[in-house]
Amino acid sequence: MGRVNFIQVLALFSLLIIFPNLAFAQLKQNYYANICPNVETIVRNAVTAKVRQTFVTIPGTLRLFFHDCFVQGCDASVMIASSGSNTAEKDHQDNLSLAGDGFDTVIKAKAAVDAVPSCRNKVSCADILAMATRDVIMMAGGPSYAVELGRLDGLSSTAASVGGKLPKPNMNLDQLNAMFAANGLTQADMIALSGAHTLGFSHCNQFTNRIYNFSKQSPVDPTLSPSYAAQLQQQCPKNVDPRIAVNMDPNTPRTFDNMYFKNLQQGKGLFTSDQP
């Protein structure tokens, strides 16, 4: 996929607002023009400061946005903490691997916004997460795009609402297509959004079946490049410490580019779901 098309399609991150269960908010650019006119600058400054502290901010925020949007729409309900007898989204098994730096990015940006008297309690966390995601993509070398605002924060967050809503690393093409179609997205959208795997990392247990016990006929997944499989075996030996993680893009793991798609052509997709 050429770079121009890649950038155009990856702007879909801003279009996850199409989800039908988005609290029926009317979204538009400059939504806060008369309420908090500098909100985008405030958020960007907070995100920039966070990125300077740790690069994990970038993939952490990007993945947080995706996990939020695929469960009940882009309403920041993934930010809500569990309380009393309710177990919230963030504590579902599928969300336990979300990086704390993603949550911290939204918290710090929200605090910076609320520090401005005219903005206090006027800007939703859902909008802040959407803006922060655009900003981290740009800071990693990806495109900048206009974000339509006006999302409402979700008031409900339950772990029970997460099951079956998020892609798993061992899913095949049919399963992925069905999951994305349930959110009004096409196979082309799914392929484009999978390009987010050009950033970030994964723990070994999410893919070691592909390099040690893929099948009786072939311990190593034959769709993997032999040299890449050997590299992964070196990084993730059997009985590896579960805290060990590897980059999802072995070539340019800190740059938002089209290397992910080039890697797939060379048999270097980390997950089964990357290279079904």
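The values are calculated or read from the model by the stated rules, or taken from the named source; none is laboratory data. Predicted model only: the values in this text are computed from it and were never measured. We place every Cβ from the backbone using ideal geometry, glycine too, and count neighbours over all the protein chains shown. In case anyone asks, the SASA skips ligands and DNA or RNA and just uses the protein heavy atoms, side chains included. Shrake-Rupley method; radii C 1.70, N 1.55, O 1.52, S 1.80 Å.
Which helices (runs of 4 or more DSSP H) sit wholly inside the range 162-276 and have at least 1 residues that are buried (at least 19 other Cβ atoms within 10 Å of the Cβ) and of a type outside the set (A, V, I, L, M)?
Numbers: elements: 173-181, 187-194, 209-212, 226-235, 259-265.
Result: 173-181, 187-194, 209-212, 259-265.
Got a sec? Which of Ser194, Ser124 is within 25 Å of Arg44 (Cα to Cα), modelled with pLDDT under 95 and in contact with an Asp or Glu (Cβ under 7 Å, 6 or more places away or on another chain)? Steps first, please.
Values: Ser124 fails: modelled with pLDDT under 95.
Criteria check complete, one pass: Ser194.
Restricting the range 1-45 to residues that are open to solvent by less than 20 Å² (accessible area, probe 1.4 Å) and at pLDDT 90 or above, which is nearest to Leu152 (Cα to Cα)? Write out each step before concluding.
Taking the range 1-45 and keeping what is open to solvent by less than 20 Å² (accessible area, probe 1.4 Å), we get 6, 10, 13-14, 16, 19, 22, 32, 36, 39, 43.
If we keep only those that are at pLDDT 90 or above as well, we get 32, 36, 39, 43.
On the way: Tyr32: 13, Cys36: 16, Val39: 16, Val43: 17 Å.
Per the criteria, the residue is Tyr32.
Report the residue count in the range 47-97 for those that are closer than 22 Å to Gly154 by Cβ and open to solvent by 20 Å² or more (accessible area, probe 1.4 Å).
The number of residues fulfilling the criteria is 19.
Go through the residues of the range 104-120 one by one and say whether even a single one is over 21 Å from Val43 (Cα atoms), under 19 Å from the mean Cα position of the chain (by Cα), open to solvent by 50 Å² or more (accessible area, probe 1.4 Å) and not hydrophobic (A, V, I, L, M, F, W, C).
Quick first cut of the range 104-120, residues over 21 Å from Val43 (Cα atoms) only: none.
No, because not a single residue in the range 104-120 is over 21 Å from Val43 (Cα atoms), under 19 Å from the mean Cα position of the chain (by Cα), open to solvent by 50 Å² or more (accessible area, probe 1.4 Å) and not hydrophobic (A, V, I, L, M, F, W, C).
Can you run down the residue pairs with Cβ atoms below 7 Å, 6 or more apart or on separate chains, where the first is in the range 134-147 and at positive phi and part of a loop (DSSP other than H, G, I, E, B) and the partner is crowded, with 24+ Cβ neighbours inside 10 Å and not polar (S, T, N, Q)?
Pairs that qualify, where the first residue is at positive phi and part of a loop (DSSP other than H, G, I, E, B) and the partner is crowded, with 24+ Cβ neighbours inside 10 Å and not polar (S, T, N, Q), are Gly141/Phe256.
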